[in-house]
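These notes are about the structure you will find just below.
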Amino acid sequence: MKANPDFLNLPLDFWAYIKLINQKIGYTERVSRRNPDPQALVPSLPDILRVFGDEGLDYSELIHNGEWTELGQKISNYFNYRKSALQQIQGNLMDKDRAKNLFQSILSDYPGYKCPMPLNKQTGEKKDFAYLTCITNLLIEKTLQEIGNNQKCDYDPHLLSSLVHDGKLLRVLSRRMDGAYPSTINPLAIWEIKEYYYTTTFGSRVSDGVYETQLDGWELKEIKQSFNINIEHYFITDDYFTWWEKGKSYLCRIVDSLHMGLLTEAIFGQEVVTRIPEIVKSWKK
């Protein structure tokens, strides 16, 4: 999923409004017998009035004479867009069985791989390949070979990514990423892969992954502002149960991060099949 250009490069006060409104009214509808699959909430004009009234805040920038201002309409449009974006994401999310089938299909088409094929962190009968990570690695390596790009790719960095110019160290990121191209030194692209196929609840490990990605995004944004150097930043994730049945509010946060410019792209589930090859082809040699 790429960002909608209508909601890019907006001032931070726009996102302050989004966060406050979500905090007060929630991200999604309530689960009930009549509504077992709640959707993302789209606040109404009365909802906004109530939120700002309860907080004792001035809402004149959003509502004037009982009508949306230009900014208020932009905020309303964003909530509607985000709701539709989540429905698009739903169609791409896979469970572990679909992910395993996709992995086996890609592997059978590319038997001569050299990239790492890590195992998941499960034990016993659940121990198997980390499907999404393996799929991503296979697609990257296969595409690099197809386009004749012989530069190396670090599929499993054990170092912090760093920015160096003329022998001078400029910046070092705070976290180790799951992949870097062509390396962790002056990478053109970095990515984080989060797969939760055996997760049974939505816990802190999942939510922390979202906030860690935001931290990475803010650091990369500062690099862009300070040195005019753009490092592409991808968040690749999957599991239908984790994200759709338990974590819709955090899906909203991912969509927000994308439009705040903290991510180049967020890739969900089977979307890797189409997007990873296109992304790799866009990397400079």
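Here are the numbers:
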| quantity | calculated |
| --- | --- |
| Candidate set from the stretch 116-142 (those that are part of a loop (DSSP other than H, G, I, E, B), of a type in the set (S, T, N, Q) and in contact (Cβ under 8 Å) with a residue 12 or more places away in the chain); member that is least open to solvent (accessible area, probe 1.4 Å) | Asn120 |
| Test result for Ile63, in contact with a Gly (Cβ under 6 Å, 6 or more places away or on another chain), more than 24 Å from Arg205 (Cβ to Cβ) and surrounded by 12 or more Cβ atoms within 10 Å (Cβ to Cβ) | yes |
| In the stretch 184-212, residue most open to solvent (accessible area, probe 1.4 Å) [restricted to those that are assigned to a loop (DSSP other than H, G, I, E, B), in contact with an Asp or Glu (Cβ under 9 Å, 6 or more places away or on another chain) and β-branched (Val, Ile, Thr)] | Thr199 |
| Matching entry among Ile75, Ile25, Ile89, Ile21 (being open to solvent by less than 60 Å² (accessible area, probe 1.4 Å) and within 30 Å of Glu278 (Cβ to Cβ)) | Ile89 |
| Residue among Phe241, Phe235, Phe227 that is under 10 Å from the mean Cα position of the chain (by Cα) and not acidic (Asp, Glu) | Phe235 |
| Verdict on Val42 being free of Cβ contacts under 8 Å to residues at least 40 places away in the same chain, farther than 30 Å from Tyr131 by Cα and surrounded by 11 or more Cβ atoms within 10 Å (Cβ to Cβ) | no |
| Which numbered condition Leu258 misses (of (1) free of Cβ contacts under 8 Å to residues at least 40 places away in the same chain; (2) open to solvent by less than 20 Å² (accessible area, probe 1.4 Å)) | (1) |
| Close pairs (6 angstrom Cβ cut-off, 6 or more residues apart or separate chains): within 10 Å of Thr242 (Cβ to Cβ) in the stretch 192-211, assigned to a helix (DSSP H, G or I) and open to solvent by 50 Å² or more (accessible area, probe 1.4 Å) anywhere | Tyr197/Lys96; Tyr198/Lys126; Phe202/Lys246 |
| Search result, residues across the stretch 94-115 that are in contact (Cβ under 8 Å) with a residue 40 or more places away in the chain, part of a loop (DSSP other than H, G, I, E, B) and open to solvent by 50 Å² or more (accessible area, probe 1.4 Å) | Asp95 |
| Lys224 being charged (D, E, K, R) and either surrounded by 13 or more Cβ atoms within 10 Å (Cβ to Cβ) or part of a helix (DSSP H, G or I) (or both) | yes |
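The values are calculated or read from the model by the stated rules, or taken from the named source; none is laboratory data. Computed from a prediction, not measured in an experiment: that's the story for all the values here. Here the Cβ is made from the backbone with ideal geometry for all residues, glycine too, and neighbour counts use every protein chain on show. In case anyone asks, the SASA skips ligands and DNA or RNA and just uses the protein heavy atoms, side chains included. Shrake-Rupley method; radii C 1.70, N 1.55, O 1.52, S 1.80 Å.
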